[in-house]
Structures are given as C-alpha cells and as structure tokens.
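Worksheet for the structure shown next.
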Amino acid sequence: MAVEFEVNEREVWDGNYAASQALRQADVDVVVAYPITPSTPIVENYGAYVGNGYIDGEFIMVESEHAAMSGCIGASAAGGRVSTATSSQGFALMVEVLYQASGMRLPIVLNVVNRALAAPLNVRGDHADMYLGRDSGWLQMSAFNAQEAYDLALCAFKIAENHSVRLPMMVHQDGFITSHTAQNVYPLSNEAAKKFVGVMNPVDDMLDFSRPVTYGAQTEEDWHFEHKAKQHKAIMDSASVIDSVFAEFKELTGREYNRVETYDMEDAEVCVIGLGSTVESARVAAKEMRKEGVKAGVVAMRVFRPFPYEEVREALKGCKSIAVTDRSSPGGAMGAFYNEVAAAMMTSQSRPLVTNYIYGLGGRDLSIENIKTIFREQQANADAGYITTDIQQFTNLRGPKLGFFKTERN
C-alpha cells in the first residue's frame, strides 16, 4: 500500500518566499529586521503577513543588522520564538552579536541568503558570509534549492528549541541562484507545519518572574573556559537531535535529509564535495562522467555546524582523489571548507588525494562542463597516484588559470 504523506499541492516559489512561508507557518512571535539584498524579501514578506492580519507575530524594523540581532536576543531571552534574515555586509555587522546569541543559548533561527563580502562591492552569491560565521557557535544547515529552504527553516525551529540543544541556528541558501529562482515547492498544510514545529517551550525566560535569571553575565578566567566547553559540547551533541528531526520530517513528507548526503558514491573513485546549489550541477556532471567510464560521485554537506567529521570520512573512504569546492576567497590560506574536509581525511586509513578548487566568487557561474573538467583532473590524479595539478586553484577564470602551490601529495 502506498504511503500518503502530509503535503499540499505544488506551489511555484523562489527561495526567499519559501523561507518566509516557513516563518509564517511556524508561528514566529517576533521578527526583528533590517533589509539587505538578496535576503530582503524574507522579512518583507513576513511583514506583509503581519500587516495583512494573516498572523499574530510582531515585525520590528530597526536601524541596522547589529540592532536586528540585538532585538532578536531580547525577544528570545523573554521566551519568544524569534527569527530574522540577512546577507553579506549585514551579516558581517551582525557578527559581534551572533556570539552573544550562541553564548546565551538562545534558539534564534537566522535565514542567511549567502552573498559576497566587499570590497569590491558585489550583491551576487558566494559563501564568504557563511564562512565568516562558522566559529560563532551557531548550528548551520545548507539548502540547495527552494524546497529545501522551506523544509530546513521548519526543521531549524524544532532543532534549535529542543531542550537538549538550545542553540541558535542558521539556514543558508545561495543568493539569487536559490533565493530568486522560482521552482516547484510542495509545502505542508498550515496545520501540519504547526504541529511539526510544535509549541515554543522556553527555558529560563526572563519574563518568568517566579524564577529570576541573569543573561550576559561577565566571566573571566575562573569560569569562562567551563561555559565555552559546555557550549561546544552542546553543539557537537546536537547531531543526534538533527538526525531525529530529519527522520521525523521524512516520515511526515517523504523528503529525506542527512547531515552528509551522497550521490553515486557506492563505487566512486573520484569525487566532488560541495555546499549549496552547485551540488545539483555536480550531480548532473557526475552522471555524465560515468558515461565516459569515470567512477564519479558527489558528497554534499547539509549540516556545516556541527561539522560531521566521522560521516565525511565514511562517505569518502573509497575515493582515490577528492575535489573540495570552496565558494569563497581563501584570504591567503587554503579554502575554509577544504581545511575542514582535509582535517577529517587526515585520520582516514585510505588517505585519498585532496585538491582545493576556489570557484563561483561574486556569483560567477560554474557550469556542468567546468565540473566535468574537475572530475577529469581528479581521475588523472587517481591514475597517477599523486596530484597532477596545483593543489589549490581558482577555477573558471576568464584569464589564464592561476596556480598557487607546487604539486605535492596531501
């Protein structure tokens, strides 16, 4: 007998609209916002839902992104379900306050529509802002399309507000490629979404006058270490809750999510590992490469924090050569994502070759043909038993390709 899942008829939404619909259905109490391209429609739509009487939440416009996250902290500490959205320079202005939110263990959900950081000024998508927040103590998930932007936003509230987690969470989507591209989306009914997310049950809320609490206390060397160690442990331990919420969402909708997702990896010898919308292009490229006899596969990072080191090792253990794709300027180092993957593979017995590709900066397109070239280079590495190109390279440049490091075994 076929399983019937709780989903509505098909809608055509872009990623921003999908995220805003998730906020509406989640019964968010407060959205504090300052608009910035390309995330503006998320909070703009939410404000329209409030203004038109569709929901009872509060929409508060402030003077900056720093103030937006500060307002979210106050509302969350008071016991509310709270969310906002931002991008790029706005995210950078928010960074100071991100550490406050995570250190206070406040389950705020932040939709980040990823965009390049200036200078030069650029409003298109890359992952510079994602990497800027990687050590801020927030849980982080990555959506590859509009459907996932909707699904993961709903999951984020359920994960963040779990009493064994109680941490803020970001849901990332690629600026313009996902945020402004209309795609088929199958949403939950209002009733099903509300039931899935559940009722907000705050812990240590400041408006519970029967049990006074303190937020933002100062600690020096006597207690600071203990607080940060507990926070780190909560981040790492959140993996089991994330898995549980994903399993519950699959049972409800039939849509499956995993912290690390694999495609054609059963016998793969060469692999591209990536984040964001590029994953879908890489999957197409891998299938075409298999027609050429190359055992190509793709690994996708769904959850960036906590970084799933063991799952990455397991996914890549059969590969001979791996391309790690970083959509952000490395700033004088190897790419941030490369460093995470390379660290995971250092303890792998298979010790595959690992190459870093910097791509897609400022919204530059990475075509399926570009990715097929990467696969061919990885196959050459696998055949030779060593890296045959530069260990780090900027790919899809309009001028001559830039090489950075001499070939070496990694």
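The values are calculated or read from the model by the stated rules, or taken from the named source; none is laboratory data. Quick caveat, the model's predicted, so the values are computed rather than measured. FYI the Cβ positions are ideal-geometry reconstructions off the backbone, even for glycines, and counts take in every protein chain you see.
Might you let me know whether segment 28-49 holds any residue that is surrounded by 24 or more Cβ atoms within 10 Å (Cβ to Cβ), assigned by TED's automatic domain parsing to the domain that holds Tyr215, hydroxyl-bearing (Ser, Thr, Tyr) and not in a helix (DSSP H, G or I)? Yes, there is a match, as at least one residue in segment 28-49 is surrounded by 24 or more Cβ atoms within 10 Å (Cβ to Cβ), assigned by TED's automatic domain parsing to the domain that holds Tyr215, hydroxyl-bearing (Ser, Thr, Tyr) and not in a helix (DSSP H, G or I). Residues of segment 286-317 that are in contact with a strand residue (DSSP E or B) (Cβ under 9 Å, 6 or more places away or on another chain) and in a loop (DSSP other than H, G, I, E, B): Val294, Lys295, Arg302, Pro306, Phe307, Pro308.
Residues of segment 191-226 that are among the small types (Gly, Ala, Ser) and at negative phi: Ala192, Ala193, Ser210, Ala217.
How many of the residues making up segment 355-381 are within 16 Å of Val298 (Cα to Cα) and of a type in the set (A, V, I, L, M)?
Residues flagged as within 16 Å of Val298 (Cα to Cα) and of a type in the set (A, V, I, L, M) within segment 355-381 amount to 4.
Which of the residues belonging to segment 75-90 are under 16 Å from Met61 (Cα atoms) and either modelled with pLDDT under 95 or in a helix (DSSP H, G or I) (or both)? Across segment 75-90, the qualifying residues are Ala75, Gly90.
Evaluating Trp223 against the criteria (1) assigned by TED's automatic domain parsing to the domain that holds Cys155; (2) touching a residue at least 12 places away in the same chain (Cβ under 8 Å) leaves one unmet condition, (2). Of all residues being more than 22 Å from the chain's Cα centre (by Cα) and among the acidic types (Asp, Glu) in segment 1-26, which is nearest to Ser88 (Cα to Cα)? Just the residue, please. My answer is Glu11. Scanning segment 102-137 for residues being in contact (Cβ under 8 Å) with a residue 40 or more places away in the chain, within 30 Å of Gly79 (Cα to Cα) and charged (D, E, K, R) gives a total of 3. In segment 360-395, the residue that is surrounded by the fewest Cβ atoms within 10 Å (Cβ to Cβ) out of those that are in contact with a Lys or Arg (Cβ under 6 Å, 6 or more places away or on another chain) and over 17 Å from Ala268 (Cβ atoms) is Tyr386. The set of residues in segment 202-220 being surrounded by fewer than 11 Cβ atoms within 10 Å (Cβ to Cβ) and touching a residue at least 24 places away in the same chain (Cβ under 8 Å) consists of Leu207, Gly216.
Considering only segment 245-254, I want to know if a residue exists there that is assigned to a loop (DSSP other than H, G, I, E, B) and either of a type in the set (Val, Ile, Thr) or free of Cβ contacts under 8 Å to residues at least 12 places away in the same chain (or both). For segment 245-254, residues assigned to a loop (DSSP other than H, G, I, E, B) and either of a type in the set (Val, Ile, Thr) or free of Cβ contacts under 8 Å to residues at least 12 places away in the same chain (or both): absent.
Contact map, segment 70-96: residues that are under 22 Å from Gly125 (Cα atoms) and touching a residue at least 40 places away in the same chain (Cβ under 8 Å) paired with residues that are crowded, with 24+ Cβ neighbours inside 10 Å and among the polar types (S, T, N, Q), Cβ distance under 6 Å, separation 6+ or inter-chain. Pairs shown: Ala85/Ser39; Ala85/Asn111; Thr86/Ser39; Ser87/Ser39. Evaluate the following for Ala300: is it in contact (Cβ under 8 Å) with a residue 24 or more places away in the chain and buried (at least 24 other Cβ atoms within 10 Å of the Cβ)? Taking the combined requirement at face value, the residue does not satisfy it. Contact map, segment 358-381: residues that are at positive phi and in the same structural domain as Ala296 (by TED's automatic domain parsing) paired with residues that are crowded, with 17+ Cβ neighbours inside 10 Å and small (Gly, Ala, Ser), Cβ distance under 6 Å, separation 6+ or inter-chain. Pairs shown: Gly362/Ala116; Gly363/Gly125.
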